[in-house]
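Inspection log for the structure reproduced underneath, given as structure tokens.
Coordinate-derived values only; no laboratory data. These numbers were taken from a predicted model, which means no experiment stands behind them. Cβ: placed from backbone, ideal geometry, glycine included. Neighbour counts: every protein chain shown.
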Amino acid sequence: MRLLLVEDSPRLQKSVSAALRRTGYSVDVAGDGEEGLWFAQTHDYDAIVLDIMLPKLDGLTVLRRLREKGQSTHVLLLTAKDTVPDRVLGLESGADDYLVKPFALEEMLARVQALCRRAYGKKNDVIAVGPLTVDTRARRALCDGRPLELTTREFSLLEYLARRRGEPVARAEIEAHIYDENADPMSNVVDSAVCILRKKLSALTATALIHTRRGFGYVLDDAVAPDSPR
Amino acid sequence: MKSIRRQLNRTLILAIALIECVGLAATYWFLRDALTEQIDALLDTKVEAIGTVVAAQADGTVQVDFTGKFLRGFDEDEATDFFEIWDASGKVIARSDTLGHGDLPRRVRASKHPRHWSLRLPNGQLGRAAGVAFSPRWAGQAKADEAGGGPAPLLQLVVATNREELDEMLHRLLGIVVGVGILILGATAIIVPYALRRGLVPLDALAQQTGQIDAGSLDARFATEQLPEELLPITQRLNDLLARLQASFERERRVSADLAHELRTPLAELRMLAESALKWPEARDGGTDRETLAITQQMERIVRHMLTLARTESGQIELHREPVDLATLAEIAWRPFAARAAEKSLLVTFDLKPVPLVTDSALWRGMVTNLFDNAVEYTPAGGRVCIRSLVTEKEAGLFSVSNQVEGLQPSEVISFFERFWRKEKARSGGNHLGLGLSLVRSFSHALGWEASAELSGDHTLLTIELKPRKDVANGPSTRC
């Protein structure tokens, strides 16, 4: 999952982005409203964590401009303003959630997780695909009841494919959602990651789960498509 | 607990009762004396009338030509009046038939005016008597001549009358007086509390309104339109007090809100660092601890500045006055900023004339340091800073710091001295809390000076000036 964090406090930028990355998200960071708006308009994020009081362009203006452009990325407002009118104004401006500083790390992660889940229309943290079970909350995957040992990025790839179960997912989409701005992925990074993931899955189950759709990308599904070679 | 109403009730009822008792008693005594005087006057008339029927003879005897029919009351039918006449030796010369076998007391004086007194009459009833010693007329001129032409020998006459009618009237009068007194007392006991209750209605309403005021309703004010004039000054003072309380509460609330708001971001930073370190202990390094320390120092600075502001504004700061030269103080205060100014290649000019003051040097250092800090921080690299001190023609001190600025608008000048005001509304700068100029204004006010800001030179030159306040009678508590 790829997130945008727009926060002007360097310390919060650093600690929040580090926490999100350790949880498995790819995170781009912007330090002011103008930069945040540019990132949000030029990249496809699963969710945006947006501070309200920002230099150059405040968070609510950024949010309104995004909504005016028809961008529906889920936004979590992060702010020191805690009054009811402030919260109402934030939500009315198009925010999906509101978190008042100081906040608990786990609560922030849970809210981001919920926004990402909503981005794919899922209400459950656990996604089951045949013998594969992906617990997006616990960041754990089981295959035929046995744990799948994955790196953070491998889990993010599996989670992204699982969230879009049955849909062909293009390499560019995977790049956009799994790798952040600084990662600068090589063109074959996605193919390599998918290959490793397939190997780990095949070690635990005989069911083919990741299928290649030529010209489209990859599909995670337990039903084997006859015209799709592994 | 003391009650004005109870005290007024008690005092008024007692005072009215006392006045009433004295008044009624005086009325009774006056009427009693008047009636008694009336009887005495009647007795005097009778004494005089009886005196006219007494005649002295040349042989020394006395002739009394009196019958019960002569005066009403002396006849045996009515028997209300009595008289008795004695000669100088006390021998009874004449007496009324109404006396029967009794006698009247012989109590007379040698005077034209009879003596009056009350007595018990021979018939046992109470009476009033008049006694006089007098010389009767001679029975004729020949008799007077025979006796040598001198006055007739003195006789003693006592006339008495029954006073039962008077006593009965006086008893009735006393009854009326007592009855009226009780009635007035009863009416007083009803009317006084009622009148007090009615009269104190505005005070009760005021007390009720006052009781409803708490910390959440300090914007309430007492209506003064229909108040009695006695309560008007109190109500106006109460309204003034409420206004001051409201301003004070609002200031406190604002301070609390500002403080809470300003602390939220560093608190969030601190919490994130702590929770991340707990969740991913392997990621913790020396940098985390340094960040934690920096955040706590920032929070400490915010709280310290806010407390200083609050203390200064509420007058709790103690001034330690001593002789200070502003020029010297500014030179010393600039030293810590010289390196930062050089790093930014700032062109700093000093125009410091001696300004001798007797003032609090610590507060002045605080003001000057804040002005220098802002100037160095916000002047663009290579920009100009001018620091000036002088004594004006009116012998007033003046200190100013001018520096080049970018992006400031004249409309923003009014906000410069507000707490937590920054050009950018984002409040996570860390180094600058937006309290520096608030402290400058607050300190200068405490010292009897005023701080002002002016944007000139096409909005590129900001000047913060400190000068003595005009409304301070003796200038800035200093001598320039």
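Oblate is the label for region B:309-443, because a/c, from the alpha-carbon gyration tensor with a ≥ b ≥ c as root eigenvalues, is 1.5 or above and a/b does not exceed b/c.
Here nothing in chain A passes the span test, since no DSSP H helix has an alpha carbon length of 27 Å or more along the helix axis and a Kyte-Doolittle mean of -1.0 or above. A cut-off under 9 angstrom between Cβ atoms defines the neighbours of B:ALA446, and their net charge, with Lys, Arg +1 and Asp, Glu -1, is -2. Each label point was placed 7 Å from the Cα along the Cα-to-Cβ direction; for B:GLU168 and B:VAL201 their separation is 5.2 nm.
In a solvent-free Debye calculation with one equal scatterer on each Cα, what is log10 I(q)/I(0) for region B:372-412 at q = 0.17, 0.18, 0.21, 0.33 Å⁻¹, listed in the order of the q values? Calculated log10 I(q)/I(0) at the listed q: -0.58, -0.62, -0.74, -1.10. What is the Cα centroid distance between region B:81-126 and region A:77-125, reported in whole angstrom? Using only Cα atoms, the two centres lie 124 Å from each other. Here region B:186-275 is treated as an ellipsoid with the same Cα gyration tensor; its semi-axes, largest first and in whole Å, are 50, 14, 7. The distance between label points at B:VAL22 and B:ALA189 comes to 2.3 nm (points 7 Å beyond Cα on the Cα→Cβ vector). The Kirkwood hydrodynamic radius of region B:4-170, based on inverse pair distances between different Cα atoms, is 18.2 Å.
Candidates B:ASN9, B:TRP117, B:SER411 compared by Cα position along the dipole of chain B: farthest toward the positive end lies B:SER411, with charges placed on Cβ. Computed log10 I(q)/I(0) for chain B at 0.12, 0.13 Å⁻¹: -1.08, -1.18, from the Debye equation with unit scatterers placed on every C-alpha and solvent omitted. Listed cross-link partners B:LYS46/B:LYS91; B:LYS344/B:LYS394; B:LYS353/B:LYS470; A:LYS101/B:LYS344 are compared with a 28 Å cut-off, the Cα-Cα value being larger for B:LYS344/B:LYS394; A:LYS101/B:LYS344.
Each Cα pair under 8 Å and six or more residues apart adds its separation to the average, and for region B:72-179 the resulting relative contact order is 27 percent. Our analysis of region A:126-220 gives Rg over Rh at 0.94, with the two radii drawn from alpha carbon positions and Rh computed by the Kirkwood formula. Classified by the C-alpha gyration tensor, region B:255-301 has an oblate form. Its axis ratio a/c, with a ≥ b ≥ c, is 1.5 or above, and a/b does not exceed b/c. Expressed as a whole percent, the proportion of Cα-Cα pairs in chain A lying more than 25 Å apart is 42%. Here each label is just a point 7 Å from Cα along the line to Cβ, and for A:ILE196 and B:GLN246 those points are 6.8 nm apart.
Per residue of A:101-113, other chain Cβ atoms within 10 Å of the residue Cβ number 4 on average.
DSSP beta bridges confined to chain B are antiparallel in about 85 percent of cases.
For region B:1-76, the set of trypsin sites (Lys or Arg not before Pro) satisfying both a DSSP loop assignment and a count of at most 14 other C-beta atoms within 10 Å is given as B:LYS2, B:LYS69, B:ARG72. Label point of A:THR151 set 7 angstrom out along Cα-Cβ; within region A:201-223, amide nitrogens under 17 Å from it belong to A:201.
Counting only DSSP H runs of at least 4 residues, each contributing -39500 (n - 2.57), and dividing by the residue count of chain B, the helix-based mean residue ellipticity at 222 nm comes to -17000 deg cm²/dmol.
Working note: Debye formula, equal point scatterers on the alpha-carbon atoms of the protein assembly as shown, no solvent; log10 I(q)/I(0) at q = 0.05, 0.11 Å⁻¹ is -0.55, -1.15. Would you kindly calculate the mean projected area, averaged across all directions, of the convex hull enclosing the Cα atoms of region B:74-194, in square nanometres? One quarter of the hull surface, i.e. the mean projection, equals 11.6 nm². Descending by average beta-carbon neighbour count within 10 Å, the peptides B:52-59, B:459-466 line up as B:459-466, B:52-59, the highest first.
In the protein assembly as shown, if the dipole is taken from +1 on Lys/Arg beta carbons and -1 on Asp/Glu beta carbons about the Cα centre, which of A:HIS74, A:CYS143, B:PRO105 is farthest to the positive end? Positive-end residue among those listed: A:CYS143. Peptide A:21-32 has a mean of 1 when you count, residue by residue, the C-beta atoms of other protein chains within 10 Å of its C-beta.
Here r is the Cβ-Cβ distance between B:ARG301 and A:ASP144 and R0 is 56 Å; the resulting FRET efficiency, rounded to 0.05, is 0.45. Per-peptide packing, taken as the mean over residues of other Cβ atoms within 10 Å, places B:295-306, B:219-230 in the sequence B:295-306, B:219-230 from highest down.
Indicate the gyration tensor shape class of region A:1-123 (rounded, prolate or oblate), computed on the Cα atoms with a ≥ b ≥ c the square roots of the eigenvalues: a/c under 1.5 is rounded; otherwise a/b larger than b/c is prolate and the rest oblate. Because its axes are fairly even, with a/c under 1.5, region A:1-123 counts as rounded. Helices of chain B meeting both criteria, an alpha-carbon length of 18 angstrom or more along the long axis and an average Kyte-Doolittle score not below 0.0, with helices taken as full DSSP H segments, are B:4-52, B:164-199, B:326-343, B:361-378. Candidate cross-link partners of A:LYS14 among the aspartates and glutamates, defined by an alpha-carbon separation under 13 Å and a same-chain spacing of 8 or more, comprise A:ASP28, B:GLU269, B:GLU291.
Our summary gives chain A a relative contact order of 17 percent, counting only alpha carbon pairs under 8 angstrom and 6 or more residues apart.
Peptide A:10-19 has a mean of 6 when you count, residue by residue, the C-beta atoms of other protein chains within 10 Å of its C-beta.
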